[in-house]
Amino acid sequence: MMSEAPIFHSKYSYHHDGKAQQLDIHEILVKRSRLGIFLSYSMVVVFLGTNVYFVTTKVFCILILTFFEVNIRSIWSILVCFLLAKFLHYNPVKKERVVIMPAFGVQLETHYWSGRIVRLFVPISKILSSMLNECVTPVTCYWSLALLLRDEGELMLVFQLIRSVQKLQPPLKMLVPVWKALRAAINCEETSIT
Amino acid sequence: MDQQRKHSILMVSDFFYPNFGGVESHIYYLSQCLLKLGHKTEPDLNAFAFKIGLVVVMTHSYGKRTGVRYVTNGLKVYYVPWRAFLMQNTLPTFYLTLPIIRTILIRERISIVHGHQAFSTLCHEALMHARTMGYKVVFTDHSLYGFADVGSIHMNKVLQFTLADISQAICVSHTSKENTVLRSGITPNRVFVVPNAVDTAMFTPSTCRLSCDEIVIVVISRLVYRKGADLLVEVIPEVCHLFSNKFHVKLCLLIASSVKVRFIVGGDGPKRVRLEEMREKHSLQDRVEMLGAVPHARVRSVLISGHIFLNSSLTEAFCIAILEAASCGLLTVLPDDMIVLSEPDPGDMVHAIRKAIVMLPSIDPYAMHQRMKKLYSWHDVAKRTEIVYDRALQSSDENLLRRLPRYLKCGSWAGKMFCLVMIVNFLLWCLLDSWQPVESIEEVPDLVFIRNENEDVVHDSI
């Protein structure tokens, strides 16, 4: 049973379960996009078809100039189709889960639609703080939640959705409860040490 | 009293911290003073219908400094990762900056977009996109430009395009207003004159008065043609020769001069080589000290080591350097008893320096500093800028069809091209609106900065 009302925004939904066996579980689910699946598979077909066409054309080419021309065209077509396939590639992430185990650590889980689950455990002693970052790109701004770790030069992103191919960006109102829960867990640990 | 509506201002320019200069410090100080005005808690019966709630600055990235930064008093700065390509200007892309500008305007709930400096491409693009999206825009021009050379003609046409549909414009002096009105064809009654100011708290005179046995003349400027570096090359040897610790009795002038004059030259630029050559040629190594580029934080310490500040600029829209020098108690340019003006001619400049040396014993640095404090204050500039914002907000909202005829007046060919640019911009905006609706862009929550004993703690006030 979920302890708080879920939050819905666009293709994301946030669920929080704070009573399951003293664990604090936060989940962000991503809706599947049927158009995305169709476009990505059709782009893969086009990509393969273009490759086969130009490879067979090259085989029958005699003149070096034509060979060179076909090469340039084929490289360009392959590149464009590759980029389109990559861009429209169906994002396989089903949900991202943050499991906060008080005084023990934080487990970050990524569940894919294929059934694969990737888990990463971070001990609480390694976490200095959690932060909400405003990230600016040449075309947009978005929020991301990250952990500052001891003896590490890089921040660890809590939600891999930010780094995924399709750049899914959960809204701030879903990141804030997770951030507050992480801060509470880290502060509890600090006061218990001191 | 009616509740005041809070408005947010977006300052846009290619020139901001960590770059140092007149425009950069203008944007910074103005933003700080506007933030302070917005946080006033006592009711003001003469207050306008709106109040400044938030000031955000947008500029391009400087090296690794990219993303969102908060500077003093919570002033938020967006360092958008567009690379500078020429003299700190972003690459002009016309439409590619539309998505990021739209995102920032929506998420920060901006009411007015205030662009700075005609030379800034980011400013022109931001004002164009803001007008397309229906925001009120204000533009401040900081420099004077010519009319004859190719660069100026191009710049003036771009300015004409931007100011064709502006809500209000600000110039830093009456001369600058004349120059802007002539260059852009904007009606003069839409241009306000709000002078710059100086941070008198930072530029204070020295506690101990320097002795007048040896007069030190300070020059701090970029050593380029426009700042009169060539004039300095002629003036410095002549002045050093005239005041070289020898007893002169000039019957025509009846001046007995036994003072020695020394120069301190701060700044760097292409003309530095000429000044170094002049030093070598006239053997003035002990009388002319070249400091090189002086960081802004050290400018005051250089100024207080001198008696007179010499500015040899050929053109200046508004010279903040002179205000800074006057605030430090140096004899410079300003009301008749604080200034000695001359023509941009070496002979005249030498005569003016001689006159300044004669006036020197009667100058009281602290009295000058107090006068500067009253005459030039950033709080005053902020209040006057608020009046301009108020006027801009009162202007009516107009759709594209009513705005297009203003661009047609810019020229027979240019006018039509400008109209086309605005129509394409409008169509791209509609496309972007349908792809990424306004509701999908989250607004930034209000952040309240609370200063704790040992650390600053940020609390979400919503």
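Annotations
- Rounded to whole numbers, the Karplus 3J(HN,Hα) couplings from phi for segment A:171-182 are x, 4, 5, 8, 7, 4, x, 5, 4, 5, 5, 5 Hz, using 6.51 cos²θ - 1.76 cosθ + 1.60 with θ = phi - 60°, and x at Gly and Pro.
- Chain B - mean residue ellipticity at 222 nm from DSSP helices (-39,500 (n - 2.57) per run, n ≥ 4, rounded to 500): -12000 deg cm²/dmol
- Shape of chain B from the C-alpha gyration tensor: prolate (a/c of 1.5 or more and a/b above b/c, with a ≥ b ≥ c the square roots of its eigenvalues).
- Annotation: amide H of B:L144 within the under-5 Å range of B:A317, sequence separation 5 or more or interchain, hydrogens built in the peptide plane.
- Karplus-based coupling profile of segment B:128-142, in residue order and whole Hz: 5, 5, 5, 5, 4, 7, x, 7, 7, 10, 10, 10, 10, 9, 9, with θ = phi - 60° in 6.51 cos²θ - 1.76 cosθ + 1.60 and x standing for Gly or Pro.
- Restraint check, B:K76/B:K409; B:K227/B:K281; B:K76/B:K227; B:K6/B:K157; A:K95/B:K64; A:K95/A:K126, Cα-Cα greater than 29 Å: B:K76/B:K409; B:K76/B:K227; B:K6/B:K157; A:K95/B:K64
- In plain terms, the residue of B:E238, A:E189, B:E280 with the fewest other Cβ atoms within 10 Å comes first and the most crowded comes last, giving B:E280, B:E238, A:E189.
- Distances between placed amide hydrogens fall under 5 Å for A:S129 paired with A:L148, all partners being 5 or more residues away or on another chain.
- FRET efficiency for A:N187 and A:R119, using Cβ-Cβ distance with R0 set to 35 Å, rounded to 0.05: 0.90
- Residues A:V136, B:V55, arranged from fewest to most other Cβ atoms within 10 angstrom of their Cβ, appear as A:V136, B:V55.
- Our coupling estimate for segment B:80-90, obtained by passing each phi through the Karplus curve with A = 6.51, B = -1.76, C = 1.60 and θ = phi - 60°, is 6, x, 9, 6, 6, 10, 8, 6, 6, 9, 6 Hz, Gly and Pro reported as x.
- Per-residue Cβ neighbour rank within 10 angstrom, fewest leading, B:T180, B:T162: B:T162, B:T180
- Remark on A:L23: its backbone amide H falls under 5 Å from none of the residues 5 or more positions apart or on other chains, H modelled at 1.01 Å from N.
- Zone of B:D380's modelled label, taken as backbone nitrogen in segment B:193-214 under 11 Å from a point 7 Å along Cα→Cβ: B:195-198
- Here the relative contact order of chain B, from alpha carbon pairs under 8 Å that lie six or more residues apart, stands at 15 percent.
- Selected from B:H60, B:V77, B:V150, residue furthest toward positive end of dipole (chain B; charges at beta carbon): B:V150
FYI, it's all coordinate maths here, none of it is from the lab. Quantities reported herein were computed from a predicted structural model and do not represent experimental measurements. Methodologically, a virtual Cβ is constructed for each residue, glycine included, from the backbone with ideal geometry; neighbour enumeration extends over all protein chains shown.
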